[in-house]
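Peer 1: Here you go, one structure.
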Amino acid sequence: MATPKNFAGLPNATAASLHRSDTVDPDAFSAIVRRNAGRMLAVCRRILGNEEDARDCVQDAFLSAFKNLARFEGRSTIASWLHRIVVNVAITRLRRRRWFREEPLEAASVRFDSEGCRIVDQAHSLRLAEAVFELHQRKSIVREAILDLPAGLRAALALRDIEGYSTAETADFLGITPAAVKVRLHRARLALKQKLEAMIEAGQP
Amino acid sequence: MSSSRRVLRKLRGWMNRRLPLLLTCAEMDASVVDYLEGELSPDQRRRFHLHTRLCDDCRSFLESYRATIAVSRSAFDHSTNELTGLLSAEHSQPRRHPN
Ligand SMILES: [Zn+2]
């Protein structure tokens, strides 16, 4: 392992500044941990839906980052480099769960008649769009609905819609094709939409 | 659902499947991800727009679908730094490291 350097002044340090001195400054690394742990934990929670696994992943990610610090090339910020590492750790953990690949991925709410026409539950149509303002205020309810999605769907939605990775990047993380990402993404959005509509219907938000 | 509504839907479905420029709702649905990713060809995009202009159900579906994305994006806005520091204490004593 090449010697990690002092990286005070991050998150925008470049490779050049990382390689300036020759010893690891534990205080500097703690500063990085403090600055990034919350966001990384949040990412892991979204992907894994489980607090304990999420914490383990963040620890693993920091260990991995520490070991691989020499490979940080400064092409991105430290924050986005760590973000990628922790997403990879979380996805690896997710894939270890037996049901990750096996869970049924049927489309949740869309149904069409024999002519390919949308069969719409009139009670639901438009209510969601109208309730957007309220849903923006009631974030915890939306978060719960997202965490409640099946893991394989949630991962696609978390990476693409929440973390803002591209479809290609999401495909890389998940080890599936971009086309498969789109299928999961669509199903995840439909499932979430259905959950939110059911909550609105029940007068929850 | 009323029977006149069902008849109208049937009629619309019949037209959508037979007229060359029209999409069925199922086809619209199948291309909604590509539409939002900006990956439809200009021609496919025109058909998509035409369908949503003609079909109330798909128009409201698209609105709710977009709302779902926007809402999930904003749901985690303020949760990022709430637990900063929580891990710095644990970091010095990792519990386990797989493999
Ligand atoms: Zn339609």
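Peer 1: Just to be sure I understand, how many residues within region B:14-23 are near the ligand (Cβ under 10 Å from one of its atoms) and more than 7 Å from every other protein chain (Cβ to nearest Cβ)?
Peer 2: 2
Peer 1: Tell me yes or no: at least one residue of region B:24-33 is assigned to a helix (DSSP H, G or I), acidic (Asp, Glu), touching a His at 6+ places or on another chain (Cβ under 9 Å) and within 13 Å of the ligand (Cβ to nearest atom).
Peer 2: Yes, region B:24-33 contains a residue that is assigned to a helix (DSSP H, G or I), acidic (Asp, Glu), touching a His at 6+ places or on another chain (Cβ under 9 Å) and within 13 Å of the ligand (Cβ to nearest atom).
Peer 1: Give A:63, A:82 a once-over and let me know the one that is more than 8 Å from every other protein chain (Cβ to nearest Cβ), farther than 24 Å from residue A:141 by Cβ and assigned to a helix (DSSP H, G or I).
Peer 2: Step by step, each of A:63, A:82 is checked, and only A:82 is more than 8 Å from every other protein chain (Cβ to nearest Cβ), farther than 24 Å from residue A:141 by Cβ and assigned to a helix (DSSP H, G or I).
Peer 1: Could you give me the residue pairs with C-beta distances under 7 Å whose first residue belongs to region A:178-190 and is without any contact (Cβ under 8 Å) to a residue 12 or more places away in the chain, whose second residue is part of a helix (DSSP H, G or I) wherever it lies, and which are 6+ apart or on separate chains?
Peer 2: A:178/A:167; A:178/A:168; A:178/A:171
Each reported figure results from applying straightforward, stated rules to the coordinates on display, with no laboratory input. Model, not experiment: these values are computed from the prediction. Cβ atoms come from the backbone with ideal geometry, glycine included; neighbour counts cover every protein chain shown.
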